[in-house]
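Shown next, in structure tokens, is the structure this report addresses.
None of the figures in this text is laboratory data; all of them are computed from the coordinates on show. As the structure is a prediction and not an experimental result, all values here were calculated from the model. Counting neighbours? That spans all protein chains shown, and the Cβs are built from the backbone with ideal geometry, glycine included.
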Amino acid sequence: MTHRYAVIGNPVAHSRSPQIHTAFARQTGEALEYTRIEAPIDGFREVASGYFAAGGSGLSVTVPFKSEALAMAADATARARLAGAANVLAVQPDGGLLADNTDGIGLIRDLTLNLGVGLTGRRILLLGAGGAARGVIGPLLAESPAALFVANRNGDRSASLATHFALAGPLDGGGFDEIEGAWDIIINATSAGLSGGEIPIEPECFAVDALAYDMVYGVETSFMALARGFGTRVHDGLGMLVEQAAEQFQLWRGVRPDTAPVIAELRGG
Ligand code: ATR
């Protein structure tokens, strides 16, 4: 029996998820079909419910439907609840929907396993306070960094995000002008790079041997260019994309695919 999965979003035409999950299926010998679904902006729940009613087994959920995905599921993991968003839905044995969020673990695995960057005891600076930032704060804190500062153009937004996550670990938040000291790992979770906007961050913020990580892939963002200009090692978010997908695949199929060959395939290697 071929199980059916899809990525749902708007827009979704450029999603790499079908390529990734199809590669995982080939590698693990799982019989599944994986497609793309573009739902109308105001039609997520209807389209997703229809998909499951027609026998779909799971959905990857992308922008802008991650909070709605969490809201429609009968059950949710603690990490999805903490993030206030889900990037995956799975039909459980009792027929109910489970919502999970694998974005954070995808980032952690890419940093620690693929790039060999330990997070424990390090100073982590997270840029942005939107959905992308929110999804990774809990998992970052779980790695016990020495400090986590969430900096955002709208400093009130990042400060209130820090308050929301206060129980999960030590962190602080504020505007870009409130960033103090040097940081070992600087993660861009803003959409500034896509809109061409500049992030006003000073060279002093980058520790010697710092890693600059952009969650975006496939384009050189202004943040990447800025960090490169400071002589900092830069990495894009392609590994995170593949790792979060591998976690989804494991949730659905109970088997963990090997991510390295798929990352290499996507990089054209
Ligand atoms: P996402 O779900 O991708 O995080 P979002 O919720 O719309 O999308 O959040 C976008 C993030 O990018 C926000 O942190 C936003 O900053 P504000 O909260 O101040 O709006 C940030 N962002 C977008 N364009 C930016 C720019 N030109 N300069 C700096 N930050 C920018």
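Structure above, values below:
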read-out	value
Helical mean residue ellipticity (222 nm; -39500 (n - 2.57) per DSSP H run of 4+; nearest 500) of the chain	-10500 deg cm²/dmol
Simple label model, 7 Å out from Cα along Cβ direction - Arg45 to Gln27, nm	3.7 nm
Farthest positive-ward along the chain dipole, Cα basis, beta-carbon charges - from Phe206, Ala246, Gly106	Ala246
Kirkwood-based shape ratio for the chain, expressed as Rg/Rh from alpha carbons	0.97
Burial order of peptide ranges 155-165, 111-121 (average beta-carbon count within 10 Å, highest first)	155-165, 111-121
Whole-Å distance, taken between Cα centres, linking the stretch 37-87 and the stretch 198-234	33 Å
Separation of the Thr2 and Ala182 label points, Cα + 7 Å toward Cβ, nm	5.6 nm
Stretchable slack from Ser191 to Arg81, in nm (0.36 nm times residue separation minus alpha-carbon distance)	37.3 nm
Highest average packing first - 190-197, 129-136, 100-107, Cβ atoms within 10 Å	100-107, 129-136, 190-197
Pair Val255, Asp209: separation of 7 Å Cα→Cβ label points (nm)	4.1 nm
Ratio Rg/Rh, restricted to the stretch 48-160 and using Cα atoms, in which Rh is the Kirkwood radius	1.04
